[in-house]
Amino acid sequence: MTTGKFYGIGVGPGDPELITLKAIRVLEHCNVIAAPRTRGGGMRALDIAGQAVSLQDKTILPLSFAMSSDRSLLREQYQRNAELIRAYLEKGEDTAMICIGDVSVFSTVCQIADVLKEMGCQTCLVPGISSYSAIAARMGISLTEGSRPFHVLPVSDVDLEQALSLEGTKVLMKAGSKMPAVLDLLKKRDLMSVSSLAVSCGCPDEKIMERLDRRSWKGWIWDQTCLLKTVTCQRSSYGTGTSDSCLPVKRHIESVNRRFAGAGTDGPVILTAWHTIPPAADFC
């Protein structure tokens, strides 16, 4: 019996031009596209993919993932969704599951692929551009150079004080309900003046906030009902900004570097990206 092959595909942070050529080729090949669906019915990864590939005549398979730290519940969810996909694979249908960003960074794609491998199915992962890579490029900075460490940390499972004290570049993700604590800690560490906010980086509704201490940002953030992802970079010669399309942030980074240079000390630049999601929605 000929069975189909499972492809896990990262579609990048939001800009359809950041979807890789391989991802587009595989999506065009597969007749079945599985995508995470929020409780509110949104399918952001599918929306992104649909701007690069025609989804007409494709079978769309919505997958639900509730937010939970219960490992047994998570395993049940992965098992249930993997079985939905396997039903198409057993019919000989090559099936792609898509996710925002990269498949290897806080994605359910790898979890589903592992379950399918246990079932004896063929699997293949196609990487995508992560949100923090896109944000760093948009801001015109480097995430790490030479021997500088690079950390990707889930805010929900780490000590924030300890995380911000780590040497090198810090990427803080999955903030969720801890967003206020993250912002409070930035205030406590006196980092608000060197903190910048990038909203929906690469998308039509992109917004840039140069400094968190120069506007009434609280209502703006909570009205958006957003998911926080924070990138923290140590100041260095790279942080001068090069993107003409992001001049407000470029000028801000340059001014921050001048202040640090004058003080003769290194200091952090905080880059934050927010992806709008429906209120109280689950996300992948």
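The values are calculated or read from the model by the stated rules, or taken from the named source; none is laboratory data. Computed from a predicted structure; not experimentally measured. All Cβ positions, glycine included, derive from the backbone under ideal geometry; neighbour counts span all protein chains shown. Remember, those area values only see protein heavy atoms, side chains included, never the ligands or the DNA or RNA. Shrake-Rupley method; radii C 1.70, N 1.55, O 1.52, S 1.80 Å.
Tabulated values for the structure
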read-out: Considering residues of the range 58-71 that are outside any strand (DSSP E or B) and either touching an Asp or Glu at 6+ places or on another chain (Cβ under 7 Å) or over 15 Å from THR38 (Cβ atoms) (or both) only, the residue least open to solvent (accessible area, probe 1.4 Å); value: PHE65
read-out: Yes/no for ASP114 being acidic (Asp, Glu) and assigned to a helix (DSSP H, G or I); value: yes
read-out: Single residue of the range 157-202 satisfying the filter (among the hydroxyl-bearing types (Ser, Thr, Tyr) and open to solvent by 50 Å² or more (accessible area, probe 1.4 Å)) that is modelled with the lowest pLDDT; value: SER177
read-out: Qualifying residues in the range 125-151 (those that are assigned to a loop (DSSP other than H, G, I, E, B), free of Cβ contacts under 8 Å to residues at least 40 places away in the same chain and open to solvent by 50 Å² or more (accessible area, probe 1.4 Å)) - the one farthest from ARG25 (Cα to Cα); value: SER147
read-out: Filter pass, LEU116 being at pLDDT 95 or above and out of contact with any His (no Cβ under 7 Å at 6 or more places or on another chain); value: yes
read-out: Selected residue (only one of TYR7, TYR88 is open to solvent by 30 Å² or more (accessible area, probe 1.4 Å) and in contact with a Ser or Thr (Cβ under 6 Å, 6 or more places away or on another chain)); value: TYR88
read-out: Any hit, the range 3-17, residues being small (Gly, Ala, Ser), within 16 Å of the chain's Cα centre (by Cα), over 22 Å from CYS203 (Cα atoms) and in a strand (DSSP E or B); value: yes
read-out: Count of the range 32-43 residues which are in a strand (DSSP E or B) and open to solvent by 30 Å² or more (accessible area, probe 1.4 Å); value: 1
read-out: Condition broken by LEU116, with the remaining ones in (1) open to solvent by less than 30 Å² (accessible area, probe 1.4 Å); (2) of a type outside the set (Phe, Trp, Tyr); (3) on the phi > 0 side of the Ramachandran plot satisfied; value: (3)
read-out: Check on SER54, open to solvent by 10 Å² or more (accessible area, probe 1.4 Å), under 23 Å from PRO204 (Cα atoms), more than 20 Å from the chain's Cα centre (by Cα) and without any contact (Cβ under 8 Å) to a residue 60 or more places away in the chain; value: yes
read-out: Contacts under 6 angstrom Cβ, first residue in the range 26-46 being more than 14 Å from THR108 (Cα to Cα), partner of a type in the set (Phe, Trp, Tyr) and surrounded by fewer than 21 Cβ atoms within 10 Å (Cβ to Cβ), 6 or more apart; value: VAL32/TYR88
read-out: Candidates LEU46, LEU74 - the one that is under 27 Å from SER156 (Cα atoms), under 19 Å from the mean Cα position of the chain (by Cα) and in a helix (DSSP H, G or I); value: LEU46
